[in-house]
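Report on the structure given below.
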Amino acid sequence: MDSITQECKAETMLIDDVPYNIVDTPGILDPNRGTIPILNEISKTINKCAHGVKAILIVSEVGRFTDEQKDALNRIRNFLGKDATNNIISVLSRADKDQTEDRSIMQSDWNQSFRSFIQGIGNRWGISPNPEIFPAGEETHKVRLGEIKNLISSIQGVYTTEQHEKCQREQAEARRRKEEDEKRAKREHDEKLKEDARREAERAHQREFNQMRQEYEKQHRQILEKMIESLRREKENERQEREKERQEAREHQERRRQEERERQERERQERRQQELKDGIMFAASEALKMAFYAFI
């Protein structure tokens, strides 16, 4: 058995006198081939088995189990569906002499991923003896092939084409739902991006509007401040002008009063002088009278 078969082959094998059609499909673990074409070829092969598939042997080389092969095994299990789990047998090829002779040595070399896979298929596994080490007819060769045959014959029931077709329909439906979910998620993501872009545009517009409004308010405030300052200066000028006029009026009145006082003072002085003059004249007149009378 080889894990890197290139194309499907079919042969007949007797197990406990019961004929089995053995179909060797391209290796799912072949790193040189894509997974999808291999699974499609396996699906075609299963659909050709009118009476169903007794056992599905997955052959892998010892020491080749990597994360990629783990993913490949999980893909084929998912591809065949849970109904095929009870029909899967893992066959390990290219084992060395010690691994072939002692299964426990083989098991000790497994990593946890492969151990979990074997447990997931009901611990059904066997060793395909290397014919270069154990020729056909050699005891170990016969024992190991016998173990694989026993695993095949011990499987109850078959994996039918109906089960496989049902699994494929379910997977197609799951893929369809997944694609719809992805499309919906993409659509929602695109809508979210558009909405985010719209909101960002609105925010940018709002920021621009706010900036323009602030600039306008600043300019308007400056204009108002200038107008207020201009009005204040005008009022101050008017106040100063009125104060000047009042001051001039007060000064004018004061001059008028001063002039009036001076006039009155002149008039008093003139009256005093006149009175003095009149007094002198009267005294002189009286003196003349007295002199005249005295003369007489």
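The values are calculated or read from the model by the stated rules, or taken from the named source; none is laboratory data. Keep in mind that what you see is a predicted model, and the values were worked out from it rather than measured. Positions of Cβ are backbone-derived with ideal geometry, glycine not excepted, and every protein chain shown enters the neighbour counts.
Tell me yes or no: at least one residue of region 231-249 is surrounded by 10 or more Cβ atoms within 10 Å (Cβ to Cβ), among the aliphatic types (A, V, I, L, M) and farther than 30 Å from Leu39 by Cβ. Please lay out each step first, then the result.
First, pick out the residues of region 231-249 that are surrounded by 10 or more Cβ atoms within 10 Å (Cβ to Cβ): 231-249.
The next check asks that each one be among the aliphatic types (A, V, I, L, M); those that pass are 231, 249.
Okay, now just the ones that are also farther than 30 Å from Leu39 by Cβ, so 231, 249.
Looking for residues that are surrounded by 10 or more Cβ atoms within 10 Å (Cβ to Cβ), among the aliphatic types (A, V, I, L, M) and farther than 30 Å from Leu39 by Cβ, one finds at least one in region 231-249, hence yes.
Report, by residue number, each residue of region 60-84 that is more than 23 Å from Gln168 (Cβ to Cβ), at pLDDT 80 or above and either in a loop (DSSP other than H, G, I, E, B) or out of contact with any helix residue (DSSP H, G or I) (no Cβ under 8 Å at 6 or more places or on another chain) (or both).
Glu61, Val62 - these are the residues of region 60-84 that are more than 23 Å from Gln168 (Cβ to Cβ), at pLDDT 80 or above and either in a loop (DSSP other than H, G, I, E, B) or out of contact with any helix residue (DSSP H, G or I) (no Cβ under 8 Å at 6 or more places or on another chain) (or both).
Taking only region 107-151 into account, find how many residues are under 17 Å from Arg94 (Cα atoms), of a type in the set (A, V, I, L, M, F, W, C) and assigned to a loop (DSSP other than H, G, I, E, B).
4
Please go through region 119-174 and give me each residue that is modelled with pLDDT of 90 or more and aromatic (Phe, Trp, Tyr), ordered by number.
Of everything in region 119-174, those that are modelled with pLDDT of 90 or more and aromatic (Phe, Trp, Tyr) turn out to be Trp125, Phe134.
Answer yes or no as to whether Glu41 is part of a helix (DSSP H, G or I), among the acidic types (Asp, Glu) and surrounded by 13 or more Cβ atoms within 10 Å (Cβ to Cβ).
Details: part of a helix (DSSP H, G or I): yes; among the acidic types (Asp, Glu): yes; surrounded by 13 or more Cβ atoms within 10 Å (Cβ to Cβ): yes.
Yes, satisfied.
Quick one: which of Ile118, Ile133, Ile127 is within 57 Å of the chain's Cα centre (by Cα) and under 23 Å from Met13 (Cβ atoms)?
Values: Ile118 fails: under 23 Å from Met13 (Cβ atoms); Ile133 fails: within 57 Å of the chain's Cα centre (by Cα).
Matching residue, one of Ile118, Ile133, Ile127: Ile127.
Please pick out the residue among Gln112, Gln107 that is surrounded by 11 or more Cβ atoms within 10 Å (Cβ to Cβ) and either closer than 30 Å to Lys97 by Cα or touching a helix residue (DSSP H, G or I) at 6+ places or on another chain (Cβ under 9 Å) (or both). Before the answer, list the steps.
Details: Gln112 fails: surrounded by 11 or more Cβ atoms within 10 Å (Cβ to Cβ).
Among Gln112, Gln107, only Gln107 is surrounded by 11 or more Cβ atoms within 10 Å (Cβ to Cβ) and either closer than 30 Å to Lys97 by Cα or touching a helix residue (DSSP H, G or I) at 6+ places or on another chain (Cβ under 9 Å) (or both).
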